[in-house]
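What follows is one structure encoded as structure tokens, with my remarks underneath.
The values are calculated or read from the model by the stated rules, or taken from the named source; none is laboratory data. None of these values were measured; they are calculated from a predicted model. Methodologically, a virtual Cβ is constructed for each residue, glycine included, from the backbone with ideal geometry; neighbour enumeration extends over all protein chains shown. Just so you know, the surface numbers come from the protein's heavy atoms only, side chains and all, with ligands and any DNA or RNA stripped out. Shrake-Rupley method; radii C 1.70, N 1.55, O 1.52, S 1.80 Å.
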Amino acid sequence: DIEGDVIRGWLDGNGNGGKMRGLDIGCGANKTVSDAVGIDLTEKRLEGCSGGAKGAQSVADVCAHALRLPFPDNSQDYIIARHVFEHLLDPVAALREWRRVLKADGLLLIAVPDEDRCRSILLDWTHVHAYNPTSLLNLLEVNGFAMTGMQVIEPGMSFCTKAISA
């Protein structure tokens with residue numbers, strides 16, 4: 001799980017001694033960080049119906065949509081969104097919602113397919129948006145985030161970004 005290792009490394013390098021509170025949005029059958037609150041449309045112990053979660057039991061702690069998080073403003077230190085962002089019809093609304101629940105200088109950790117390396121919409125009909133590092137950087141910046149890290153995943157067809165809420 002190279003993506004997970006990158007994301008966990010970014011969190012470990014943040015210097016908060018593992019005392020951060022965070023969400024793993026679209027966690028499906030596997031949370032990236034075990035103590036994160038898993039958010040998914042599929043309730044815990046039910047089987048996923050599409051993508052990498054098809055047939056696998058959800059580990060979600062909270063059943064909710066990525067655009068309607070049941071958490072107070074400024075309550076989270078980080079949000080992980082691995083391979084969920086490309087599925088959202090309104091990515092701007094998602095970034096606004098995620099920024100709402102993140103504390104100032106909170107971390108947003110996103111992994112998406114890299115459109116420069118694969119035609120992700122053709123690979124998965126549930127993908128409604130495609131991103132490359134430049135397009136995601138632009139979207140993050142106009143929505144109040146500052147990208148502080150980006151890593152292309154080798155081997156693979158994705159990239160991870162680390163951004164801070166302004």
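I'm checking my understanding of the structure. Among residues of region 119-134 that are more than 16 Å from D90 (Cα to Cα) and in a loop (DSSP other than H, G, I, E, B), which one is most open to solvent (accessible area, probe 1.4 Å)? Once the filter is applied, the top-ranked residue is W125. All conditions but one from (1) in contact (Cβ under 8 Å) with a residue 40 or more places away in the chain; (2) loosely packed, with under 15 Cβ neighbours inside 10 Å apply to P113; the one that does not is (2).
Yes/no matrix, rows are residues, columns are (1) among the aliphatic types (A, V, I, L, M); (2) at negative phi; (3) surrounded by 15 or more Cβ atoms within 10 Å (Cβ to Cβ); (4) at pLDDT 95 or above:
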site	(1), (2), (3), (4)
I2	yes, yes, no, no
A29	yes, yes, yes, no
E43	no, yes, no, no
C49	no, yes, no, no
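When A163 is tested against (1) surrounded by 23 or more Cβ atoms within 10 Å (Cβ to Cβ); (2) of a type outside the set (F, W, Y); (3) under 19 Å from G38 (Cα atoms), exactly one condition is not met: (3). Reported count of residues in region 139-159, each being in contact with a Phe, Trp or Tyr (Cβ under 8 Å, 6 or more places away or on another chain), in contact (Cβ under 8 Å) with a residue 60 or more places away in the chain and part of a strand (DSSP E or B), is 2. Whenever a residue of region 68-86 is free of Cβ contacts under 8 Å to residues at least 60 places away in the same chain, its partners that are open to solvent by 10 Å² or more (accessible area, probe 1.4 Å) and of a type in the set (S, T, Y), lying with C-beta atoms within less than 7 angstrom and at least six residues away or across chains, give the pairs E86/Y131. Taking residues in region 87-98 that are touching a residue at least 12 places away in the same chain (Cβ under 8 Å) and under 12 Å from L139 (Cβ atoms), and partners anywhere that are open to solvent by 30 Å² or more (accessible area, probe 1.4 Å) and part of a helix (DSSP H, G or I), the pairs with Cβ atoms closer than 7 Å and at least 6 places apart or on different chains are P91/L139. Checking each residue in region 53-64 for being modelled with pLDDT under 90, open to solvent by less than 90 Å² (accessible area, probe 1.4 Å) and outside any loop (DSSP other than H, G, I, E, B) picks out only A53. Report, by residue number, each residue of region 78-110 that is surrounded by fewer than 24 Cβ atoms within 10 Å (Cβ to Cβ), among the basic types (K, R) and part of a strand (DSSP E or B). Result: K103, single match.
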